[in-house]
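A.B. asks: Below you'll find the structure I mean.
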Amino acid sequence: LTGVLDDCLCDIESIDDFNTFKIFPKIQKLQERDYFRYYKVNLKRPCPFWADDGHCSIKDCHVEPCPESKIPVGIKAGSSNKYSKVANNSKEFEDCEQANKLGAVNSTLSNQSKEAFIDWARYDDSQDHFCELDDERSPDAQYVDLLLNPERYTGYKGPSAWRVWNSIYEENCFKPRSVYRPLNPLAPSRVWGLFVFSWTGLCLEKRVFYKLISGLHASINLHLCANYLLEETWGKSRWGPNVKEFTRRFDPIETKGEGPRRLKNLYFLYLIELRALSKVAPYFERSVVDLYTGNGHEDAESKALLLDIFRDTKSFHMHFDEKSMFAGDKKGAKSLKEEFRLHFKNISRIMDCVGCDKCRLWGKLQTQGLGTALKILFSEKEIQSLPENSPSKGFQLTRQEIVALVNAFGR
């Protein structure tokens, strides 16, 4: 791929150089640190859109959860919003303060009322979320070591896998009026839609949405091709790049010209997440945030590396300009933004329909990472007005969102 990307003033060569020499080596190191390698996820949530149509029984679909003893004490001790030593050490003080505040009214509140207040607070918190977040307090939510459960081709394919992506594209996506995609990947490989690609009548916001989903799809496909089960003998598996599979999914001739466009959308996704990292830097630059795991030395190194990456993201001179989005009349822009958010939230829910646990894990993580990036891009004012020495009320990231953002960008 070469040349300028659509909808931004950035060329592919500049992104390649910037990523290869500045970002990738550092983000790889960051992903290996304890704070970012453990992700809490619920892989047992039922599919909300259709009856379960088969669970992948191939052994490589399995995800090995982390034993409790392996999780760093600072990660499992705090609630989802606590990522600083101060927050974790001030639990008793907070409980005492809370008791004082509620003491006068507790006796007059029924249990139903208390539950209602909690639900209202949860609803308020969810209004800026682009993703359906897992409930970390659920007994089904487990910590997973991402380094021990890498994203790769597991053998999961067929109607169940196709149905997930088809639902994402056909039901939940602003899409161009016509685009070359296999009508059914289970059909002979030469059977393609006979349409001409056209963005006619699609505004910038809807083009951006489609490109992000296509870029996410391309990213996942690339990782499956790059880490493919090449052979299995005597119980030993050999994984590696599968060039034939890569060609089938991305070659211009094999895909009727659609493959290079898919790859361009991956670059576009990279730019969006890069922009989000540069925008969220002030949130992490505050002393109140220290990526708390309980190991002071490691925590300091992790934060220093993260801030170093932020400095690099700010130095990139061809960022996507998100201010060009939702810039029309206020009422129309607000309505479109909400539609955008709800579409994306639906896509995050579809990830609970993936029949392969490992694919579901990485699908949920990357979707949540992109959802967090969008949340950041649409919260610029709140981020700029953050208090230096106390947790913010206006803009907040949970530890899960932080872990998902970094690992999705790393992917």
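The values are calculated or read from the model by the stated rules, or taken from the named source; none is laboratory data. On a predicted model such as this, the values are computed, not experimentally measured, just so you know. Here Cβ is always computed from backbone atoms with ideal geometry, including for glycine, and neighbour counts include all displayed protein chains. Note: accessible area is taken over every heavy atom of the protein model, side chains too, but ligands, DNA and RNA are not part of it. Shrake-Rupley method; radii C 1.70, N 1.55, O 1.52, S 1.80 Å.
A.B. asks: Given H placed on each backbone N at 1.01 Å, which residues far from GLY294 in sequence or on other chains put an amide H within less than 5 Å of it?
C.D. replies: When sequence neighbours closer than 5 places are left aside, the close amide H contacts are GLY74.
A.B. asks: What percent of all Cα-Cα pairs in segment 270-410 falls in each 5 Å bin, counting up from 0?
C.D. replies: 2, 9, 16, 20, 20, 15, 11, 5, 1, 0, 0
A.B. asks: In whole Hz, with x marking every Gly and Pro, tabulate ³J(HN,Hα) for segment 230-246 from phi via Karplus 6.51 cos²θ - 1.76 cosθ + 1.60, θ = phi - 60°.
C.D. replies: 7, 7, 9, 10, 6, x, 9, 9, 10, 10, x, x, 10, 5, 4, 5, 4
A.B. asks: Okay, next question. Among SER335, TYR283, ILE272, whose Cα lies farthest out toward the positive end of the dipole of segment 230-371, if unit charges sit on the beta carbon of Lys, Arg (+1) and Asp, Glu (-1)?
C.D. replies: Of the listed residues, the answer is SER335.
A.B. asks: Can you list the HN-Hα couplings for segment 298-313, worked out from phi with the Karplus curve (6.51, -1.76, 1.60; θ = phi - 60°), rounded to whole Hz and with x for Gly and Pro?
C.D. replies: 5, 4, 5, 5, 4, 5, 4, 5, 4, 5, 5, 5, 4, 4, 5, 4
A.B. asks: Also, quick follow-up: Run through all the Cα pairs of segment 360-404 and give the fraction in each 10 Å bin from 0, expressed as whole percent.
C.D. replies: Bins of 10 Å from zero give 27, 47, 22, 5 percent of pairs.
A.B. asks: Output wanted: per-residue J couplings in Hz (rounded whole) for segment 58-67, from phi through Karplus 6.51 cos²θ - 1.76 cosθ + 1.60, θ = phi - 60°, x for Gly and Pro.
C.D. replies: My calculation for segment 58-67 gives 5, 4, 6, 7, 6, 10, 8, x, 7, x Hz in order.
A.B. asks: Keeping all protein chains in place, calculate the accessible area per residue for segment 221-304 (probe 1.4 angstrom), answer in Å².
C.D. replies: On the way: 3970 Å² over 84 residues.
On a per-residue basis, segment 221-304 sits at 47 Å².
A.B. asks: Within segment 267-411, what whole-number % of the accessible surface is contributed by carbon and sulfur, with the 1.4 Å probe and all protein chains included in the calculation?
C.D. replies: Numbers: 2770 of 5330 Å².
Carbon with sulfur: 52 percent of the solvent-accessible area.
A.B. asks: If you don't mind, there's one more thing I want to ask. Beyond a 29 Å Cα-Cα separation, which of these cross-linked pairs lie in this structure: LYS22/LYS303; LYS256/LYS358; LYS44/LYS279; LYS211/LYS364; LYS236/LYS345?
C.D. replies: Flagged as over cut-off: LYS256/LYS358; LYS44/LYS279; LYS236/LYS345.
A.B. asks: Grab the Cα-Cα distance for THR247 and ARG286, subtract it from 0.36 nm times how many residues apart they are, and report the gain in nm with one decimal. Intermediate values should be presented prior to the final figure.
C.D. replies: Values: separation 39, 0.36 × 39 = 14.04 nm, distance 4.60 nm.
Gain on extension, THR247 to ARG286, equals 9.4 nm.
A.B. asks: Using 0.36 nm per residue, how much length does the chain from GLN384 to ASP140 gain when fully extended, once their Cα-Cα distance is taken away? Intermediate values should be presented prior to the final figure.
C.D. replies: Values: separation 244, 0.36 × 244 = 87.84 nm, distance 3.66 nm.
Additional length available on full extension: 84.2 nm.
A.B. asks: On average, how much accessible surface per residue is there in segment 306-353, in Å², for a 1.4 Å probe, leaving out ligands, DNA and RNA? Walk me through the numbers before you get to the answer.
C.D. replies: Details: 2430 Å² over 48 residues.
With the other protein chains kept in place, segment 306-353 gives 51 Å² per residue.
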